[in-house]
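Here's the structure we're looking at; comments come further down.
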Amino acid sequence: MERDHNQAPTVGPLAGFTVGVTAARRADELGALLLRRGAAVLHAPALRIVPLSDDSELLTATKQLIDHAPDVVVATTAIGFRGWVEAADGWGLGDALLGRLRDVELLARGPKVKGAVRAAGLTEKWSPASESMAEVLDRLLEEGVDGRRIAVQLHGEPLPGFVESLRAGGAEVVGVPVYRWMPPEDIGPVDRLLDATVARAVDAVTFTSAPAAVSLLERAERRGLREELLEALRRDVLAACVGPVTAQPLEALDIPTRQPERFRLGPLVQLLTAELPARARPLPVAGQRLEIRGHAVVVDGELRTVPPAGMALLRALARHPGWVVGRADLLRALPGTGSDEHAVETAMARLRTALGSPKLIQTVVKRGYRLALDPAADAKYADA
């Protein structure tokens with residue numbers, strides 16, 4: 001079928017929406033998936049990953065695994081696995097740890113990790129060529145994990161959905177913490193995300209680990225923005241989590257979260273692709289279909305970028321579609337604290353230009369403005 005060249009290009013499902021990404025690891029992958037669907041992405045890694053300076057946690061985990069053998073050990077990074085073995089040697093536990101690892105099902109995530117495993121005198125049972133943790137997870141779930149004890153060498157920020165999927169399958173998961181999560185060295189991006197969330201300039205914030213959620217909340221507390229952040233996440237900004245473990249710090253504060261059925265990045269993006277457009281109620285206005293998204297408007301399938309002042313006016317008009325909204329009320333809706341109603345007229349003119357169709361908004365002389373809601377829709381929205 002030949003494409004109509006006069007037809008507006010297809011709008012991506014997330015076009016017009018802004019999504020905050022708090023991940024440190026795999027942030028580029030998550031961002032690329034969102035960008036491919038049209039979203040604007042605000043990247044603000046809420047964590048940085050550093051080697052453990054205090055080895056007490058790693059020592060405790062190592063002793064537990066030596067005393068109580070797991071069924072499976074998953075080695076996730078070459079540097080982390082080598083560091084674990086070297087630390088055990090330093091505690092006089094190296095032979096005991098290697099002996100234990102020889103007796104279990106040892107999985108290595110990719111060629112580099114396999115090299116580190118073999119350098120330690122061990123042999124992995126299986127390793128994917130792709131270095132994909134998704135493949136490792138699929139293999140484990142296909143084998144069945146219910147009732148099995150699985151040790152996972154963590155590498156900083158918890159693997160998005162990996163541990164949660166195993167636990168959902170009935171496994172006991174033991175983390176081997178070779179790294180620690182710390183606040184980022186550059187806190188600027190996190191502060192920008194906080195400001196944008198409080199201002200409702202983002203439509204969703206994604207979380208792929210519980211520590212990232214805690215880190216964002218702690219930063220908000222230090223800046224005196226905690227209550228404003230909670231209010232935004234409870235009412236207007238979608239908190240999208242890769243799984244229930246990640247969501248726990250947020251839900252403990254009565255923040256509603258949404259999670260995909262499969263705890264992975266792809267399904268997380270699919271969730272956003274379904275959830276955010278569903279929040280944008282389409283309106284039949286002046287014979288056209290108007291859909292108000294985060295920072296843009298879709299008019300009959302065509303994306304229109306609208307300045308912040310224009311979006312503020314449009315949202316004020318859309319709260320009661322077809323009703324007249326006075327200039328004083330519209331002035332209060334504009335960003336800033338000006339008192340000159342001429343600012344409304346200026347912003348309205350720019351809004352009409354941005355929409356590409358002046359007839360969508362009617363001027364009601366001496367009263368204000370209204371969305372030109374189609375007559376058939378007036379009754380439907382009369383009590384909105």
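Brief remarks follow.
- Computed over the chain with a Gaussian network model linking Cα atoms closer than 10 Å, the most mobile of 228, 143, 302 is 143.
- With distances taken between every two different alpha-carbon atoms, region 108-248 has a Kirkwood hydrodynamic radius of 17.3 Å.
- In the calculated pair-distance distribution of region 270-384, the portion above 18 angstrom amounts to 48 percent of the Cα-Cα pairs.
- Between 0 and 90°, nearest 10: helix 342-355 axis offset from the chain longest Cα axis: 70
- Its Cα gyration tensor gives region 278-325 an equivalent ellipsoid; the semi-axes, largest first and in whole Å, are 15, 14, 10.
- Remark: region 12-102 is approximated by an ellipsoid whose semi-axes, taken from the C-alpha gyration tensor as √(5λ), come to 40, 14, 10 Å, largest first.
- Counting only DSSP beta bridges whose two residues both lie in the chain, roughly 45 percent are antiparallel.
- A convex hull fitted around the alpha carbon atoms of region 174-312 yields 142 Å³ per residue.
- Contact order relative to length of the chain, as percent, for alpha carbon pairs under 8 angstrom and 6 or more apart: 16
- Heavy-atom accessible surface of residue 125, to the nearest 10 Å², is about 130 Å², with a 1.4 Å probe and all protein chains retained.
- Whole-Hz couplings from phi, Karplus 6.51/-1.76/1.60, listed for region 262-278; x for Gly and Pro: 9, 7, 9, 5, x, x, 4, 5, 4, 4, 4, 4, 8, 6, 5, x, 5
- Here the relative contact order of region 209-362, from alpha carbon pairs under 8 Å that lie six or more residues apart, stands at 13 percent.
- Expressed as a whole percent, the accessible area of region 292-373 that falls on carbon and sulfur atoms is 52 (1.4 Å probe).
- Accessible surface area normalised per residue over the chain is 47 Å², counting heavy atoms of protein chains with a 1.4 Å rolling probe.
- Against the chain, whose longest principal axis comes from its Cα atoms, helix 56-67 is set at around 50 degrees.
- Percent RCO, i.e. relative contact order, over region 125-272, from Cα pairs under 8 Å lying at least 6 residues apart: 21
- Build a GNM of the chain with springs between Cα atoms under 10 Å apart, and of 364, 113, 176 the one that fluctuates most is 364.
- The mean of 1/r over all distinct Cα pairs in region 168-239, once inverted, gives the Kirkwood hydrodynamic radius of 13.7 Å.
- Principal-axis analysis of the Cα atoms of the chain puts helix 226-235 at an angle of about 70° to the longest axis.
- For region 37-172, the calculated P(r) over all alpha carbon pairs, in 5 Å bins from 0 to the bin holding the longest distance, is 2, 9, 19, 22, 20, 15, 7, 3, 2, 1, 0 percent.
- Fraction of alpha-carbon pairs over 30 Å apart in the chain - percent: 51
The values are calculated or read from the model by the stated rules, or taken from the named source; none is laboratory data. Since we're looking at a predicted model, the values are computed, not measured. Only protein heavy atoms, including side chains, enter the accessible area calculation; ligands, DNA and RNA are left aside. Shrake-Rupley method; radii C 1.70, N 1.55, O 1.52, S 1.80 Å.
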